[in-house]
Amino acid sequence: MDPLNSTRAPTNQSDFSSTFTLQVLPPLYLVICVVGASLNGVAAWIFFRVPSDSGLVVYLKNMVVADLLMLATFPFKLMTQLGVGGWRLHVVICRYTAVLFYSSMYVGILFMGFISLERYVKIFRHTSSPSSSSSFCRSRCGVVSVLHLLQSVVFARVLAFFTWGFLLLCVLPNVVLTSQPANETNARHCMQLKTELGMQWHRASTFFSVSLFWATLVVLAYCYASIACRVYKSYRRVRTDNSDVCRKSNRSIFSILGVFFICFVPYHVCRIPYTLSQTQASGFSWDTRFLLFQLKEGTLFLSALNVCLDPIIYFLMCRIFRESLLRKLSGRERRRSLTTAQSLSHI
């Protein structure tokens, strides 16, 4: 028997629940909630004890905040999947926590784009030759000289402020316009709680958010390809010092690309057809809508997995974070060894 179809309710044409959504996903969300809270708790504890002395640290700190906000929505999703809280909890999710989840996700995505551009600028400022005279090189150097503002702490803070503010303005109508009177019948289906304008705004904001994601992915891919090309050229020229810098940034950008392809690409491939199936349900059969819902829930879990993978990016990319973490771990290990030695000396 197909596990997706085993709990279908043919008499309820709005019920898309299945064994996958009711029994498989809840324990998986519980695992990433516990692991993500632990990892991001440590990341926040380290990051907010070090000064914001570079644009990179500012962007990474904002990513930690976005991950913590996303993590705060997981318990609500878990409770609804486990059937706890009743229909009123579904209303809270539709109006508030789902909006917080998606806005946090896209804030994190945008900051990954800013980080990749900042790394790109750093590499090309370190490795550009003053004697390069080709028009292409001069134009690229001109772009890099403009983008070097991304490395400024003041500019990074201003950019972070406007990023949060802009996305807040984009998603706030999704809260305000989810204002239809709720009851036990419609509370489990967020689109039924939206006004007509709310449905149109939801569709428009979805298209905009998906466009932001694909634009960011293009930026990441370009930065990664450019840095990889620079690494290759550095090795050919036997410039060991620059090769080291390039190799570290290459590894960092690759980690971001890996997170993007694992966590976000599958979800954004299916988000547009899923949104259309919500706002134009008459154009989709029940079976198609059911399948799109299962795909959306599965790929959304991959997006949520981002909270467990981002700390890997922090460790690979940020020297201050890496050194602080290793110093804390080594200090704890030394204290444990000293305590053990003292205990043995009294035997």
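The values are calculated or read from the model by the stated rules, or taken from the named source; none is laboratory data. What you see is a predicted model, and the numbers here were worked out from it, not measured in a lab. No Cβ is skipped: glycine too gets one built from the backbone with ideal geometry, and neighbour counts run over all protein chains shown. What goes into the accessible areas is simple: the full protein's heavy atoms, side chains included, and nothing from ligands, DNA or RNA. Shrake-Rupley method; radii C 1.70, N 1.55, O 1.52, S 1.80 Å.
Here are a few things to note about the model shown:
Yes/no matrix, rows are residues, columns are (1) open to solvent by less than 10 Å² (accessible area, probe 1.4 Å); (2) of a type in the set (A, V, I, L, M); (3) assigned to a helix (DSSP H, G or I):
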position	(1), (2), (3)
17	no, no, no
28	no, yes, yes
33	no, no, yes
43	yes, yes, yes
69	no, yes, yes
100	no, yes, yes
113	yes, no, yes
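- Odd one out for residue 92 among (1) in contact with a Phe, Trp or Tyr (Cβ under 8 Å, 6 or more places away or on another chain); (2) closer than 26 Å to residue 214 by Cβ; (3) open to solvent by 10 Å² or more (accessible area, probe 1.4 Å): (2)
- Residues within segment 303-322 that are open to solvent by 40 Å² or more (accessible area, probe 1.4 Å) and of a type in the set (S, T, N, Q), tallied: 0
- Qualifying residue in segment 81-88 (condition: open to solvent by 20 Å² or more (accessible area, probe 1.4 Å), charged (D, E, K, R) and in a helix (DSSP H, G or I)): yes
- Looking only at segment 264-291, and only at residues there that are farther than 19 Å from residue 204 by Cα and open to solvent by less than 20 Å² (accessible area, probe 1.4 Å), the one that is modelled with the highest pLDDT: 264
- Filter result for residue 23 (assigned to a helix (DSSP H, G or I) and at pLDDT below 90): yes
- In the set (1) basic (Lys, Arg); (2) open to solvent by 50 Å² or more (accessible area, probe 1.4 Å); (3) modelled with pLDDT under 90, residue 119 fails one condition alone, (2).
- Residue in segment 184-194 that is assigned to a loop (DSSP other than H, G, I, E, B) and at pLDDT 90 or above present: yes
- Exactly one residue out of 82, 68, 100, 60 is in contact with a Cys (Cβ under 7 Å, 6 or more places away or on another chain) and touching a residue at least 24 places away in the same chain (Cβ under 8 Å): that is 60.
- Inspection of segment 252-263 finds a residue satisfying the criterion of being open to solvent by 20 Å² or more (accessible area, probe 1.4 Å) and at pLDDT 90 or above.
- Condition met for residue 161 (in a helix (DSSP H, G or I), within 25 Å of the chain's Cα centre (by Cα) and surrounded by fewer than 13 Cβ atoms within 10 Å (Cβ to Cβ)): yes
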